[in-house]
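Trainee: Questions regarding the structure given below will be posed in turn.
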Amino acid sequence: MRSCWRSAVATRSSSISRPRPIGDARWRRAELGAQPDLTAYRLFHGDAEGAPGLAIDRYAEVVVVHADSAAVLERWLPEIREDLRDFASAYVKVHPRRASRLTGQDMQQAAPAAPLWGLGVHDVEAIEGGVRYLVRPDAGLSVGLFLDMRDVRAWLRGNARGLSVLNLFAYTCSFGVSASLGGARRVLNLDLSRAYLEWGKHNYRLNRLTLDERDFVYGDAFDWLGRFARRGERFDLVIVDPPSFSSSPFSVTRDYPRLAEAAARVVAPTGILLAATNHAGTSDERFEAWLQNGLTRAGRHGQLAQRWHEPSADFPLAPGRTHPYLKVRALVLD
Ligand SMILES: C[S@@+](CC[C@H](N)C(=O)[O-])C[C@H]1O[C@@H](n2cnc3c(N)ncnc32)[C@H](O)[C@@H]1O
């Protein structure tokens, strides 16, 4: 990236005559941008910062622009080009209502493989808390690292020492990498996509972690939870971070209590269940009720150890919203 922060300051000083939501947001991120071990964070959270339906993520020298519709993207394109022109490349993603149903040509249209500007970038290395992650800006709607989970990854680095960890819905294994770097005894990453698990192995290698192929397991989370329970296999920490909807088929609103139950059954005594959802339509209370319901059905009792929402520094709360969209709980089970 070419002199990113100087340019943000310049944008700020020329913003007196008309509002510049994106330029101003960059100014507010100056502290995050100055951290030497952080090159990946949300640069603009439009719902809260003056452009509903638009969000922009920074991964080192690349920006990824997410829009709720083509009209939103169109509306903000001039500002995006002007206020982010010092980034080497930009990619756009136009999110449909049900992303899990997108295939082929529709996906190409929603997430073009070619950049909006700059050279094509297949791989970029992003750094968060000194940890390296492989990000693929041209990979589809999700590029490999969910930035709103930064605090959870930091907690895993600080709290996983000596634990056996089951990382369900592992995606590119960012939680697995964090727990391993935190000294976990073993981390089993499980996902329904072989391609994501391969990507996860890249992330292990990037961080010079020893890699055991047996710890990257392909399959359905429910199937495997049943298998672990039957075999009497237990883990000190079980992570569940499912998609809101998936063609597997999974739906948070229908299936979370059942998932919490199955996960709780394989948590070792005094172990931790770390459960998450980014489903914006679900309140904290409802999420906690799902967890409680699952624990009761599994015959377990849980004590809240930690809770997280999206980090407020780069994911500010939109005006009028009563609760953050990301809900994460760490529960110690008896
Ligand atoms: C929201 S992402 C998880 C993000 C991840 N925890 C992280 O923070 O990087 C959801 C993942 O769940 C996987 N998935 C969807 N349905 C699944 C299922 N039934 N069993 C296992 N994995 C599934 C998808 O392939 C995807 O990688």
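Trainee: Looking only at the stretch 140-192, count every residue that is surrounded by fewer than 19 Cβ atoms within 10 Å (Cβ to Cβ) and acidic (D, E) and tell me the total.
Mentor: Residues flagged as surrounded by fewer than 19 Cβ atoms within 10 Å (Cβ to Cβ) and acidic (D, E) within the stretch 140-192 amount to 1.
A quick yes/no check of all residues on (1) in contact with a helix residue (DSSP H, G or I) (Cβ under 7 Å, 6 or more places away or on another chain); (2) open to solvent by less than 20 Å² (accessible area, probe 1.4 Å); (3) within 19 Å of R136 (Cβ to Cβ):
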site: D68; (1), (2), (3): no, no, no
site: L73; (1), (2), (3): no, no, no
site: I80; (1), (2), (3): yes, yes, no
site: A88; (1), (2), (3): no, no, yes
site: V92; (1), (2), (3): yes, yes, yes
site: P96; (1), (2), (3): yes, no, no
site: Q109; (1), (2), (3): no, no, yes
site: A113; (1), (2), (3): no, no, yes
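Trainee: Turning to a different aspect of this structure: Can you tell me which residue in the stretch 242-260 is nearest to the ligand (Cβ to nearest atom), limited to those that are part of a helix (DSSP H, G or I) and touching a helix residue (DSSP H, G or I) at 6+ places or on another chain (Cβ under 8 Å)? First the steps, then the outcome.
Mentor: Applying the first criterion (part of a helix (DSSP H, G or I)) to the stretch 242-260 yields 252-260.
Filter once more, keeping what is touching a helix residue (DSSP H, G or I) at 6+ places or on another chain (Cβ under 8 Å): 256-260.
Working: Y256: 13, P257: 16, R258: 12, L259: 9, A260: 14 Å.
Across the stretch 242-260, the extreme among qualifying residues is L259.
Trainee: Scan G176, G182, G118, G144 and give me the residue that is more than 20 Å from R205 (Cα to Cα) and out of contact with any Pro (no Cβ under 6 Å at 6 or more places or on another chain). Give the derivation first.
Mentor: Details: G176 fails: more than 20 Å from R205 (Cα to Cα); G182 fails: more than 20 Å from R205 (Cα to Cα); G144 fails: more than 20 Å from R205 (Cα to Cα).
The conditions single out G118.
Trainee: Looking only at the stretch 261-286, which residues are in contact with a Ser or Thr (Cβ under 8 Å, 6 or more places away or on another chain), near the ligand (Cβ under 10 Å from one of its atoms) and open to solvent by less than 30 Å² (accessible area, probe 1.4 Å)?
Mentor: Within the stretch 261-286, just T277 meets the criteria.
Trainee: Same structure again: Can you pull out every residue in the stretch 231-241 that is more than 8 Å from the ligand (Cβ to nearest atom) and assigned to a loop (DSSP other than H, G, I, E, B)? It would help to see each step written out before you state the result.
Mentor: Kept after step one, since they are more than 8 Å from the ligand (Cβ to nearest atom), are these residues of the stretch 231-241: 231-238, 240.
Scanning the stretch 231-241 gives G232, E233, R234.
Trainee: Something else now. Does Y133 fit the bill of being within 15 Å of the ligand (Cβ to nearest atom), open to solvent by 20 Å² or more (accessible area, probe 1.4 Å) and under 28 Å from F228 (Cβ atoms)?
Mentor: Working: within 15 Å of the ligand (Cβ to nearest atom): yes; open to solvent by 20 Å² or more (accessible area, probe 1.4 Å): no; under 28 Å from F228 (Cβ atoms): yes.
In short, no.
Trainee: Same structure, new question: What number goes with the only condition from (1) more than 10 Å from the ligand (Cβ to nearest atom); (2) in a strand (DSSP E or B); (3) open to solvent by 10 Å² or more (accessible area, probe 1.4 Å); (4) not polar (S, T, N, Q) that V217 does not pass?
Mentor: (1)
Trainee: Related question: Would it be correct to say that V124 is within 16 Å of the ligand (Cβ to nearest atom) and open to solvent by less than 10 Å² (accessible area, probe 1.4 Å)?
Mentor: Taking the combined requirement at face value, the residue does not satisfy it.
The values are calculated or read from the model by the stated rules, or taken from the named source; none is laboratory data. These numbers were taken from a predicted model, which means no experiment stands behind them. Quick reminder, even Gly has a Cβ in these numbers, built from the backbone with ideal geometry, and neighbours come from all protein chains shown. Heavy atoms of the whole protein, side chains included, go into the accessibility calculation; ligands, DNA and RNA do not. Shrake-Rupley method; radii C 1.70, N 1.55, O 1.52, S 1.80 Å.
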